[in-house]
Protein chains: 2
Amino acid sequence: MSQKGAGVDLDKSLGYLLKEASSALRAAMEEVLRPLGMSVTHYSCLELLAQRPGLSNSELARGAFVTRQSMNVLLQALERDGYVTRPAEAPVGKVLPTRLTPRGRRSLEKATVAVRSVEVRMLAGMTETEQSDAFRILQNMVHSLRDGNDGA
Amino acid sequence: MSQKGAGVDLDKSLGYLLKEASSALRAAMEEVLRPLGMSVTHYSCLELLAQRPGLSNSELARGAFVTRQSMNVLLQALERDGYVTRPAEAPVGKVLPTRLTPRGRRSLEKATVAVRSVEVRMLAGMTETEQSDAFRILQNMVHSLRDGNDGA
DNA sequence: CCCTTCGTGTCAGATTCCTGACACAGGCAA
DNA sequence: TTGCCTGTGTCAGGAATCTGACACGAAGGG
């Protein structure tokens, strides 16, 4: 609309661009997951459980980048609707290992197809080398940021 | 804690890693901005106004990846506290161009120092080439995702 | 000129998510 | 054993954000 000064792109720092990319990815995922009645966190939870069965609520929360409390309400809904199961009693300690039900697995399959299409679109026009470069660079960023956060 | 199968890293897709990096960046920014009594959106708003004075509420919202409504409540608070100014009447149309006050500019300067330290830490161990590679690749991702979103 | 479309600012309601706090279980060292 | 610390599940409470909807102004085509 305005764009007075032809666009000062100083705010196009890598940090801003990172947020922009992440935002675009999330929006694209929400768009393809909405027809399936599924949110991004919803999908993330199922995907995590498929790859690492028996994860606890807290571990799922960390993996999906939400708090334990948020993940807990989601898990209760998923359990109520029959997508996951949790033992009534903790086998050891207080940890309640969660597992996908067949219904949850079927639901995840459809979602995975949708999400994979988004990721394919995101990687369109990128060579294999670029993808592995991006992977390494992003891992480097995460590591650098975490070191400063946790360690200090 | 559990890590049963030595870590199936299939979920380490570029999409997941992107979210991870963005999450780590946001957490690091929140950490350094908290002592200044400032949130990430708060800072983003000020930084946008510094680089493009006179942005409207809607434009600020898009730039900070929140809704117009959210940005509006933030702007009201910033105006109330004397960090920004908005004309009482729209010079043209309904758009209320927003500008930083000297106080807002001073506040931003301190925040910029803090945020820049985070970005420096994030880029630690990355060569100039890697940074420009990352920049180009991320821009490519955003473009690919947006094309599919808007165009279709 | 009219009128359709787009963008904007704003109001209200509702949802989501997080912050804070508690009790409990396991690991580890003294 | 005892004590300390970490991690977990859970219960409110509240803050932040979003969704839905409205009227108004500007731009473009008929």
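Points worth noting:
- Copy-to-copy label distances for residue A:120, where each label lies 7 Å from Cα along Cα-to-Cβ, are 4.5 nm in order of increasing length.
- Over the protein assembly as shown: helical MRE at 222 nm, DSSP H runs n ≥ 4 each giving -39500 (n - 2.57), nearest 500: -20000 deg cm²/dmol
- Pseudo-label separations to other copies for residue B:101 - Cα-to-Cβ vector, 7 Å, nm: 5.8
- Computed P(r) (all Cα pairs; the protein assembly as shown; 10 Å bins; percent): 6, 23, 29, 26, 13, 3, 0
- For residue B:12, the aspartates and glutamates whose Cα comes closer than 13 Å to its Cα, not counting residues fewer than 8 places off in the same chain, are A:47, A:119, B:20.
- Fewest-first ranking of A:135, B:65, using other Cβ atoms within 10 Å as the exposure measure: A:135, B:65
- Residue of B:126, B:38, B:29 that the Gaussian network model of chain B assigns the largest fluctuation, springs spanning Cα pairs under 10 Å: B:126
- Closest approach of a chain A beta carbon to the axis mapping chain A onto chain B (residue, whole Å): A:22, 2.
- Exam field: residue B:76 pseudo-label spacings to other copies (7 Å along Cα-Cβ), nanometres: 3.1
- Segment B:21-26 - phi-based ³J(HN,Hα) in whole Hz, Karplus 6.51/-1.76/1.60, Gly and Pro as x: 5, 5, 5, 5, 5, 4
- Residue order, fewest to most surrounding Cβ atoms within 10 angstrom, among A:120, B:32, B:92: B:92, A:120, B:32
Just so you know, all these numbers are worked out from the coordinates, no wet-lab data involved. As the structure is a computational prediction, the values presented were derived from the model and not from experiment. So basically every Cβ, Gly included, is an ideal-geometry build from the backbone, and we count neighbours across all protein chains shown.
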